[in-house]
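Following: one structure in structure tokens, then a few remarks.
Coordinate-derived values only; no laboratory data. Quick caveat, the model's predicted, so the values are computed rather than measured. Backbone-built Cβ (ideal geometry, glycine too); neighbour counts: all protein chains shown.
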Amino acid sequence: MYLSPRFFIFVITIGILTGIGIVAGLNLVAREAKQNEHAIATENDLGGSIPASEQKKMVTDEPYITAPSVIQTNTPEKIIPVVKKDTITATAYLVGNLMTGKVYLSSRSTQVSPVASMSKLITAIVATNTISPTTTIEITPLETNVASDTSNLMAGEKFQFKDLLYPLLLNSSNVAAEAIASSTSRGHFLEMMSNSAWEVNMPTAYFADPSGLDPHNQASAKDIFALGQYLYVYRPDILQLTRTLHAEVSTTTDHGAHSFDSIHPYIKDERFIGGKTGRTKQAGETMLTILRIDNEPIAFIVLHSNFGARASDTDILIKKFEALTQTP
């Protein structure tokens, strides 16, 4: 039986087309399986099926606390930031003498960023300038709706203003901050906070609330240094309050008994003159620490430290300062 060359070409062509169809079909199945797997992973990780564009927006809009000197360690699943023990995680810092104004160490000291509860130092300045120590301030239900703190202040309780300064400055009570600011006109109080910042020589600072929960409460390390200078020279009474380890407020007919403890990491350091801490998602950890070293008031300021690292960042700055200033 004779088979023409044209027949062989036809058979070969059919074979090639069949092979291509099989490969294409397998690729389509694999692609669909991969897409399904991605959709399932997206639901598990993010709590629902979200378009890729929205996922990207969520990731890029989410602040991630890191530092210029972070090293990266690769693992099969993800990249984990590992911070060296001698690395400062703060994105901005400043070390300076509050009396002479000399700055010994600084990084991005003019960069403006959220300062969190360090805002309460300005709240204390404005309040003590405008409110009588014996003024009665009532805690309202609205004020207890702010982010929780450890002050345990309850709606309906009434305090003398001077007693509310302890939860404000020791355990950084957001309830106390709102109650103080709202005891007259909250809007006017916020205006006075920004005005006071200008008077203190904090030109790039801005305050949108009395507690620091609002990320628009911003300042630079240089601004905070000027605030430290002002407090040291003109308002030592406020600094004295910030170095109180523990305060008790007895029960009265208007409120129950309360105890307030300082949360500043250096509160038990014999050199501690005063300071204030802060922590929010947007601000990371912030802290002003004033220590008396060689009989000089030295301010250590860190902004946007990693969570849990403001004390270790300050420890590193203290060591760097001592190494820089020690006598050969």
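Longer than 18 Å from Cα to Cα, which of 120/319; 162/222; 276/320; 120/162 are they? Say none if no pair is.
Working: 120/319 28 Å; 162/222 30 Å; 276/320 21 Å; 120/162 15 Å.
The answer is 120/319; 162/222; 276/320.
Could you list 239, 169 so that the one with the fewest beta carbons within 10 Å of its beta carbon is first and the one with the most is last?
Numbers: 239 20, 169 29.
Final ranking by Cβ density, sparse to dense: 239, 169.
Taking the number of other C-beta atoms within 10 Å as the exposure measure, put 158, 222, 120 in order starting with the fewest. Don't skip to the end; give the middle numbers.
Details: 158 14, 222 24, 120 28.
With the sparsest Cβ surroundings first, the list reads 158, 222, 120.
Neighbour counts of other Cβ atoms within 10 Å put 250, 151 in the fewest-to-most order 250, 151.
In terms of overall dimensions, the C-alpha atoms belonging to the range 228-328 reach 61, 33, 23 Å along their principal axes, ordered largest to smallest. The calculated pair-distance distribution of the range 92-325 uses every alpha carbon pair, bins of 10 angstrom beginning at 0, and gives 8, 36, 37, 16, 3, 0 percent. With the simple model of a label 7 Å out from the Cα in the direction of the Cβ, residue 130 to residue 148 spans 3.1 nm. Between residue 269 and residue 198, the simple label model (points 7 Å from Cα in the Cβ direction) yields a spacing of 3.5 nm.
Here the spin labels are modelled as points 7 Å beyond Cα on the Cα-Cβ line, and at residue 322 and residue 191 they lie 4.9 nm apart.
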